[in-house]
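Data block below; observations after.
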Amino acid sequence: MLENTEPERVFHFFEEISSIPRGSGNTKAVGDYCVRFAKEHNLEVVRDELGNVIIKKKASEGFENHPPVILQGHLDMVCEKESDLEFDFTRDGLRLRLDGDLLSAEGTTLGADDGIAVAMILAVLEDESLVHPTLEAVFTVDEETGMDGAQGLDVSLLNGSTLINLDSGEEGVLTVGCAGGAKVDMFLPVKREKNSLPCKKITVSGLLGGHSGIDIDKGRLNADKVLVSLLMSFPFEFRLVSISGGFKDNVIPNACECVVAAECDCSKEAESFLSKNRVQTDSGLSVSVEDAKTAESCFDACSTGKVLGFLDALPCGIASMSKEMENLVQSSSNVGVVRTEKDGVACIMSVRSSVAAEKQQLLDRIEKIAQRFGAEIATRGHYPAWEFRKDSRLRETMTAVFRKLFSKEPTVTTVHAGLECGLFSEKFRDFDAVSMGPDMWDIHTVNERLSVSSTGRTYTYLCNCLKEL
């Protein structure tokens, strides 16, 4: 499908890996593909116990004494699909769709985060005409679910400490710092009772969703929180039967549903709530109410109130803005997953901050809320912030190359999202890194899109940077 799309080899590799299921935790096959590629091109390759793949390419003639450069991206992708689409991410390849300059996938995430990085790196490794220092390509696993590959990577396998990360999604932006973060798992036990009341299924949908870091400041509604607010606005008594919303802690949920047992119809209240809660930044909000099968049991009155109070109390959205960089979110949290289990309600959150103390304050606040409502809580997947480096040869070189190629200055910034550079910064001595990438929109959602022309310019820029390093 993409055979005539330029840069041809980049999109050749992107189309090939898009045919391989590669959700987080399911990266063996795409790792196998990278290992085969290395062997077919007589390149040195190492695969560690976690599944990380390292491919090394010797320097071009005359560049043997230049410091090695690490090119890095992650193999896994976020797997989201339209609710009514029959698609199995463990078996099915993505159905790519090209509309003018925009590449997307039919009904699912595209996986350009971070498949386009893998494709660009493979194209660089394949091209014998490029001029470059020694290259060390690092393909990590399970970035989207806790950066497990980067956490466990043995950097003694590498000789370089200069790293170009290709996991950013805005052309012309050089990212030189990122937020740290953690995941929070909570479980709130409930008591059930027999139910004889009629049941209604209430669904909040139509929202944009998005990345819980880079989209947290765009005014997008969180479906989990919206549904809780709707239920708490009901002026009549009801019981929760179940509640479910979101699939990933690091994704702003775009839909959430529940079943309630109640004598009232709920429709008028839903319509009133909808008219009062539409926002311009997320105007697709929809609320539906339909009859559901009468449930044998429901949460008792105390548990219903406790669950709603707990979910309502959890902080969600921007916690603070940076005082040093204009319009940069400093700390935030996201209620990403809510689901009903046999004996209670589980919730998974993402917490981010570029200031370690603020990150801990947010975690402490959430823990106090959990304790107040009697919920079990555990944190995991901690990753550090990547701090701005005052003196950076890499940043200066890449800025100069950008200026020469495009006759303008790049944007140099930090980002409110987790990048593997944060983990690498603790592993390497004299670590010098920049993150970059082509234009992408709505990553982590079914509306994910990649600009073809931007990918071409970004690839050209990458190759020119390597020539100057």
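The values are calculated or read from the model by the stated rules, or taken from the named source; none is laboratory data. On a predicted model such as this, the values are computed, not experimentally measured, just so you know. Neighbour counts run over all protein chains shown; Cβ positions are idealised from the backbone, glycine included. Accessible surface areas use protein heavy atoms only, side chains included; no ligands, DNA or RNA. Shrake-Rupley method; radii C 1.70, N 1.55, O 1.52, S 1.80 Å.
Brief remarks on what is shown
- Take every pair of alpha-carbon atoms less than 8 Å apart whose residues are at least six positions apart; their mean separation over the length of the chain yields a relative contact order of 23 percent.
- Cross-link partners of K57 among lysines (Cα-Cα below 19 Å; sequence separation of 8 or more within a chain): K39, K467
- The range 173-204 and the range 363-420: distance between their alpha carbon centers, rounded to Å: 24 Å
- Taking a straight line from the alpha carbon of K191, these aspartates and glutamates sit under 15 Å away, with near neighbours fewer than eight places off in the same chain left out: E296, D300, E341, D343.
- Label-point separation in nm, K218 to S288, each point 7 Å along Cα→Cβ: 2.4 nm
- Whole-number percent relative contact order across the range 38-183, with pairs defined as alpha carbons under 8 Å at least 6 apart: 37 percent
- Where the alpha-carbon atoms of the chain are placed on the principal axes, they occupy 80, 47, 43 Å, in descending order.
- Label zone at T460, where the point sits 7 Å out along the Cα-to-Cβ direction: the range 153-182 residues whose backbone N lies under 14 Å: 172
- Pairs with C-alpha atoms separated by more than 25 Å, drawn from the list K225/K306; K194/K276; K28/K81, are K194/K276.
- Cα-Cα separations in the range 154-266 greater than 23 Å, expressed as whole percent: 52 percent
- Computed lengthening from S320 to K276, 0.36 nm per intervening residue step minus Cα-Cα distance: 13.2 nm
- Highest to lowest packing among 321-331, 449-459, 111-121, scored as the average C-beta count within 10 Å: 111-121, 449-459, 321-331
- Where both bridge residues fall in the chain, DSSP classifies roughly 80% of the beta bridges as antiparallel.
- Once the 1.4 Å probe is applied to the protein heavy atoms, the range 201-262 comes out at 31 Å² accessible per residue.
- Rounded if a/c under 1.5, otherwise prolate or oblate - the range 1-65, Cα gyration tensor axes: oblate
- Per residue, the range 321-469 exposes 47 Å² of accessible surface when a 1.4 Å probe is rolled over the protein heavy atoms with every protein chain present.
- Geometric extent, Cα atoms of the range 286-396 - Rg, Dmax (angstrom): 19.2, 66
- Cβ-Cβ FRET estimate between A301 and N42, R0 fixed at 56 Å, reported to 0.05: 0.20
- Estimated inter-spin distance, D343 and N4, nm [label 7 Å along Cα→Cβ]: 6.2 nm
- Dipole magnitude (debye, nearest 20) for the chain, charges at Cβ of Lys, Arg, Asp, Glu: 1060 debye
- Taking the 1.4 Å solvent-accessible surface of the chain as the whole, the part contributed by carbon and sulfur is 47%.
- Only helices enter this figure: runs of n ≥ 4 DSSP H residues, each worth -39500 (n - 2.57), summed and divided by the residues of the chain, yield -9000 deg cm²/dmol at 222 nm to the nearest 500.
- Taking all Cα pairs closer than 8 Å and separated by 6 or more residues, the relative contact order of the range 101-183 comes to 26 percent.
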